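S.K.: Okay, here's the structure, questions in a sec.
The values are calculated or read from the model by the stated rules, or taken from the named source; none is laboratory data. Since this is a predicted model, take the numbers as computed values, not measurements. As a convention, Cβ positions derive from the backbone with ideal geometry for all residues, glycine included, and neighbour counts pool all protein chains shown. When the accessible area is computed, the model is the full protein with side chains, heavy atoms only, and any ligands, DNA or RNA have been set aside. Shrake-Rupley method; radii C 1.70, N 1.55, O 1.52, S 1.80 Å.
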Amino acid sequence: VILNRIDSEDFPDTAYDVITQQSQFSVWANGSLMNAYVTDETMRIVKTEVQNRYNSDVLYFNSIGFTKYGEPWKKVGDHYFSTKKGE
């Protein structure tokens, strides 16, 4: 989602600006991101996505259901992913 937003004209152009954009990522707003740690699996997944960009249309995710801002795409575990409306 973060990489896709960086590439989208509708969102900021850097990972920092995307993550810290007001009302976008609760882990930034509630401070829990500062207590997170990066696992080897996380690094592998990010590297794979950077190289292959499997889901480039996905711009939104939520843990309580599909967002009203996008078109439902897929539920993975406890996360609901959506694409830009009309995509």
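S.K.: Look at GLN51 and say whether it is in a loop (DSSP other than H, G, I, E, B) and free of Cβ contacts under 8 Å to residues at least 12 places away in the same chain.
M.R.: no
S.K.: Would you mind telling me which numbered condition in (1) in a loop (DSSP other than H, G, I, E, B); (2) more than 23 Å from LYS74 (Cβ to Cβ) GLN24 fails?
M.R.: Status for GLN24: all satisfied but (2).
S.K.: Further question: Name every residue in the range 27-51 that is open to solvent by less than 80 Å² (accessible area, probe 1.4 Å) and of a type outside the set (A, V, I, L, M), in order of residue number.
M.R.: Of everything in the range 27-51, those that are open to solvent by less than 80 Å² (accessible area, probe 1.4 Å) and of a type outside the set (A, V, I, L, M) turn out to be GLY31, SER32, THR39, THR42, THR48, GLU49.
S.K.: I've got another one for you. Scan the range 59-81 and report the pairs whose first residue is closer than 21 Å to ALA15 by Cβ and open to solvent by 70 Å² or more (accessible area, probe 1.4 Å) and whose second residue is among the aliphatic types (A, V, I, L, M) and in a loop (DSSP other than H, G, I, E, B), with Cβ atoms within less than 8 Å and a gap of 6+ or a chain change.
M.R.: Partner pairs satisfying both residue conditions: PHE61/VAL1.
S.K.: Looking at the range 7-26 only, could you name the residues that are surrounded by 10 or more Cβ atoms within 10 Å (Cβ to Cβ) and acidic (Asp, Glu)?
M.R.: Of everything in the range 7-26, those that are surrounded by 10 or more Cβ atoms within 10 Å (Cβ to Cβ) and acidic (Asp, Glu) turn out to be ASP7, ASP13, ASP17.
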